[in-house]
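Please read the structure below before turning to the comments.
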Amino acid sequence: MATENAPDDKRALYGSFPNLGAPIGFFCAYGINLLLTTHLSKAQMVAYGWRIPFLLSAVLVIVGLYVRARMSETPVFRKAAEEKRIVRHPLRSLVPYWKQVVLGTLAMGITYTLFYTLGTWSLSYGVSGLGFKQSEYLAMQMVSVFFFAAFIIVGCLWADKAGRKKVLIATTAVTVVFSFFAPALLQHNVASIMVFLCLGFVLMGGLFGPSGAYLPELFPTNVRYSGAGLSYNLAAIFGGAFAPSLATWLVEKYGIMSVGWYLAVMAVIALIALFLIKESKDMDYTR
């Protein structure tokens, strides 16, 4: 919806707006968690405190339903409908584009690995493995999320100017380098943890922002939503579903450096996929 309503030279920037929901959601989640754990005892959290975020999320569900019920179709989709290019079974019609689905999934996998390593696993490890109080680590995460939001915008502005492929390859390559020294930053030291979180979220913003453009651009209008949506969610499974559990197991079995190797492997897989994806910055988006 965002990219199909965008000027041709600002598709990545427009595509960044939905993705900004991630750092905003992170900030709200960390903030509510911090407030609850600060003002409620452990017994109160177990008894009823854990329910509060779920009840608050009902407000977002209502807002989301209101917005979606009043959305209009994009000019690109209306044109495709007039030309009778819309398909009744988009998933079936997506079969010829299986390579794009696979490449999109693999290219974005590292984004979700970073997402859950920084956002979920590191909180658990910071508290249980490094000895931080949960409130201390949550506060550091809340600060670092601003870097995530800022570099979603920076990454998209750069992608609109230089191309999606150049930005993603450069950012993914830096992520490989980050993977090797990131574990050394995980120690009971506020400055060290802040460097780990802020640098990680900078890279994640640079990877996550342009995905709002390059995933839809892999597919023609008639299967664009299905193709981008399937790739996006498969990437979440491939890159993120097992990341916290796998990182915990790796630390217990092989030590903290193994988490860095895990990130590096996922980044290299993404790099290979990105080299096989065609640049789409100047494509005809009405096709």
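Quick rundown of the values:
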| read-out | value |
| --- | --- |
| Candidates THR113, THR120, filtered to the one that is at pLDDT 85 or above, in a helix (DSSP H, G or I) and under 17 Å from GLY209 (Cα atoms) | THR113 |
| Residue ID - nearest to the chain's Cα centre (by Cα), chosen from residues in the stretch 93-137 that are of a type in the set (Gly, Ala, Ser) and closer than 17 Å to LEU203 by Cα | GLY109 |
| Options THR175, THR120: the member that is surrounded by 22 or more Cβ atoms within 10 Å (Cβ to Cβ), at negative phi and in contact (Cβ under 8 Å) with a residue 60 or more places away in the chain | THR175 |
| Top-ranked residue in the stretch 68-80 [being in contact with a Ser or Thr (Cβ under 7 Å, 6 or more places away or on another chain) and among the hydrophobic types (A, V, I, L, M, F, W, C); ranked as surrounded by the most Cβ atoms within 10 Å (Cβ to Cβ)] | ALA80 |
| Selection status of PHE208, more than 22 Å from ALA273 (Cα to Cα) and buried (at least 24 other Cβ atoms within 10 Å of the Cβ) | no |
| Residues within the stretch 258-273 that are in contact with a Phe, Trp or Tyr (Cβ under 9 Å, 6 or more places away or on another chain) and surrounded by fewer than 16 Cβ atoms within 10 Å (Cβ to Cβ), tallied | 1 |
| PHE132 over 29 Å from ILE272 (Cβ atoms), surrounded by 15 or more Cβ atoms within 10 Å (Cβ to Cβ) and aromatic (Phe, Trp, Tyr) | yes |
| Per-region count, the stretch 66-78, residues in a helix (DSSP H, G or I) and either of a type in the set (Gly, Ala, Ser) or within 15 Å of ALA6 (Cβ to Cβ) (or both) | 4 |
| Residue that is nearest to VAL143 (Cα to Cα) [pool: residues in the stretch 22-49 that are surrounded by 12 or more Cβ atoms within 10 Å (Cβ to Cβ) and free of Cβ contacts under 8 Å to residues at least 12 places away in the same chain] | CYS28 |
| Residue in the stretch 81-98 that is aliphatic (A, V, I, L, M), closer than 28 Å to TYR262 by Cβ and surrounded by fewer than 17 Cβ atoms within 10 Å (Cβ to Cβ) present | no |
| Matching helices (runs of 4 or more DSSP H) fully within the stretch 170-267 where at least 2 residues are farther than 18 Å from TYR125 by Cβ and either of a type in the set (Lys, Arg) or at pLDDT 95 or above (or both) | 190-214, 221-240 |
| Residue in the stretch 159-168 that is in a loop (DSSP other than H, G, I, E, B) and more than 27 Å from ALA273 (Cα to Cα) present | no |
| Any hit, the stretch 84-94, residues being under 30 Å from SER245 (Cβ atoms), of a type outside the set (Gly, Ala, Ser), touching a Phe, Trp or Tyr at 6+ places or on another chain (Cβ under 6 Å) and touching a residue at least 60 places away in the same chain (Cβ under 8 Å) | no |
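Residues are listed down the side, and each one gets a yes or a no for (1) buried (at least 20 other Cβ atoms within 10 Å of the Cβ); (2) without any contact (Cβ under 8 Å) to a residue 24 or more places away in the chain:
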site	(1), (2)
ALA191	no, yes
MET204	yes, no
TYR214	yes, no
THR221	yes, no
LEU230	yes, no
LEU234	no, no
ALA243	yes, no
LEU276	no, no
GLU279	no, no
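The values are calculated or read from the model by the stated rules, or taken from the named source; none is laboratory data. Source: prediction; values computed, not measured. We place every Cβ from the backbone using ideal geometry, glycine too, and count neighbours over all the protein chains shown.
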